[in-house]
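Notes follow once the structure below has been shown.
The values are calculated or read from the model by the stated rules, or taken from the named source; none is laboratory data. This is a predicted model, so every value here is computed, not measured. Ideal geometry is used to build each Cβ from the backbone, glycine not excepted, and the neighbour counts take in all protein chains shown. All accessible areas refer to the heavy atoms of the entire protein, side chains included, with ligands and DNA or RNA removed. Shrake-Rupley method; radii C 1.70, N 1.55, O 1.52, S 1.80 Å.
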Amino acid sequence: MSVDPSVDTGAGAPPSIEFDHYSPQYRDNWQQIADENLARCPVARSGTYGGFWLVSDYASVSRVIRDDATFTSTHNMDDPSDPRQGIVIPPNPMLQVPMEFDPPLYNVYRRMLNPYFSPPAARALEPFVRQAVDALLDKVCATGRMDLVLDLGNPVPALATMKLVGLPLDDWERFAEPMHGIVSHPAGGPEYLRCMNALQELGNALGALVPGLREREADGLLSGLAKATVNDQPLSDGEVVLIALLVMQGGVDTTTALLANTLWWLEEHPEQRQRLIEEPALLEHATEEFLRIFTPVPALARTVTEDVVVGGQQMCAGDRVLMSFSAANRDPEVFDDPAEARLDRFPNPHASFGLGIHRCIGSNFARSWFQIMLRGVLDRMPDYAIDRDATRRNESIGIINGFFNMPATFTPSEPRGVPMPE
Amino acid sequence: MRVTVDRDRCSGHVRCAALAPQVYRLDEEGYAAAGAHPVPPGQERPAERGALACPEGAISVSR
Ligand code: HEM
Ligand code: SF4
């Protein structure tokens, strides 16, 4: 995991490390590993997964992610010998549309999607999200115990995403379960493959809805996509499904992970928990700091299209590059005392939503959902205590740095009588 | 005071508009309206903070 002293790091040869973002060691020590890489080898060569460059410092991560001509997101599913294998290492078995596209085609898709994800769109969904939070907390508040992940952090983003896409809310677990399995287990393992198959079947079910939606008015993104055109052509059924699945994968688990890490940390820092309860205005900056310090999506990949030097290292066309957002977010060149969570940190140009043209399209939703969920907990169970021994982190944090569950107890309170939203 | 948003760099993080909604208007896609905008009186400090908050360095401020 750390720099191997037996490898020649002298003249010419790049620093070489064995970096496995799916390993338990990485899950348990990612901060230390990031800090060590930042200090010793901010751009290093790793031998795992067929070999790739691990880019850790902020300047190099932002250089790579902003230069989409030299560092492509393209994923050639038809030809595995093409080095352009998209934004996950090892490659995702399903094409991520349009995340694994490049300009100019990418921009057409992105412009078509942007209005569904704008700040007004996020605000319009807030009453729904508030009601979902209240109704879910109603179910547990009188008992004095709940699972912060299973009873709140999972269902809220999943329900909101179902609403956004325009799918029946009752089906949320059918979608959320395999998506959670994919991001919490090592890529290519048995659990991961089972969940990928389940997701493919759900994709088929979605595909069956598309022809009907081309004719009929309905709410939600799926209906919008069924009627949308790209360069004057309607999207194919398959593309509609892939876009919807990408949005759903982006929508579930990521915000869940941010909430779970935050609640875990606030319990460890009672004075900061108290501060957030007393100064709700702090939440605006604190959200950015939680995004920075926990980096729910720790890293994503690109492929080099032409020889280029980054951070003093010579990269060659065809090389794969993993951008460590979680390390860039701890770069002391950009963030004072990077290991410290400062709730009022400003400015805070963290890379947690990526940078450049692929900037997380769901960022307006993510901030809003996170803040509504966190407020709900701090308001209704401010003295929550986590059962740390019974809490399990994701088996692997290669895709998402999150938790599987988080049982907690608190002083019981009366339900508010809020029904689940329709 | 004027702020100028470079549309080629702006990628819609919306930190500018979150801190200074009266200075930075968004288009229907949720990106900051491009070009030069005069800063309304009394909005100088929010305008500067909004520019500082932009993770893409897309905003320049001139007096
Ligand atoms: C805290 C929560 C979240 C984090 C940390 C996060 C992180 C990211 C990152 C780093 C990217 C950039 C991908 C790249 O550069 O290749 C991204 C893209 C994306 N995210 Fe998120 N995300 C979050 C929440 C959401 C939500 C709530 C949604 C949907 C409602 C969503 C949907 C997407 C989509 C569709 C893309 C692809 C954008 C494109 O390539 O045009 N994300 N996300
Ligand atoms: S903060 Fe920067 S990138 Fe975000 S909308 Fe404003 S100008 Fe654009």
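Overview of results
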item	result
Filter result (hydroxyl-bearing (Ser, Thr, Tyr) and at positive phi) within the stretch A:18-59	A:Tyr49
Residue within the stretch A:237-248 that is open to solvent by 40 Å² or more (accessible area, probe 1.4 Å), over 24 Å from A:Pro178 (Cβ atoms) and either in contact with a Gly (Cβ under 9 Å, 6 or more places away or on another chain) or without any contact (Cβ under 8 Å) to a residue 24 or more places away in the chain (or both) present	no
The stretch B:17-42, residues that are assigned to a loop (DSSP other than H, G, I, E, B), crowded, with 18+ Cβ neighbours inside 10 Å and either more than 9 Å from the chain's Cα centre (by Cα) or within 12 Å of another protein chain (Cβ to nearest Cβ) (or both)	B:Tyr24, B:Gly30, B:Tyr31, B:Val39
Residue match in the stretch A:28-48 (condition: within 30 Å of A:Gly203 (Cα to Cα), surrounded by fewer than 20 Cβ atoms within 10 Å (Cβ to Cβ) and touching a residue at least 12 places away in the same chain (Cβ under 8 Å))	no
Those residues of the stretch A:321-348 which are within 14 Å of chain B (Cβ to nearest Cβ) and either over 21 Å from the mean Cα position of the chain (by Cα) or within 16 Å of ligand 2 (Cβ to nearest atom) (or both), in sequence order	A:Val334, A:Phe335, A:Asp344, A:Arg345, A:Phe346, A:Pro347, A:Asn348
Strands (runs of 3 or more DSSP E) within the stretch A:312-422 that include 1 or more residues open to solvent by 60 Å² or more (accessible area, probe 1.4 Å) and out of contact with any Lys or Arg (no Cβ under 6 Å at 6 or more places or on another chain)	A:313-315
Residue check for A:Arg275: open to solvent by less than 40 Å² (accessible area, probe 1.4 Å) and basic (Lys, Arg)	no
Tally, over the stretch A:57-115, of residues that are touching a residue at least 40 places away in the same chain (Cβ under 8 Å), of a type in the set (A, V, I, L, M) and assigned to a loop (DSSP other than H, G, I, E, B)	8
Hits in the stretch B:43-56 (condition: more than 16 Å from ligand 1 (Cβ to nearest atom) and open to solvent by less than 50 Å² (accessible area, probe 1.4 Å))	B:Gln43, B:Pro46, B:Ala47, B:Gly50, B:Ala51, B:Ala53, B:Cys54
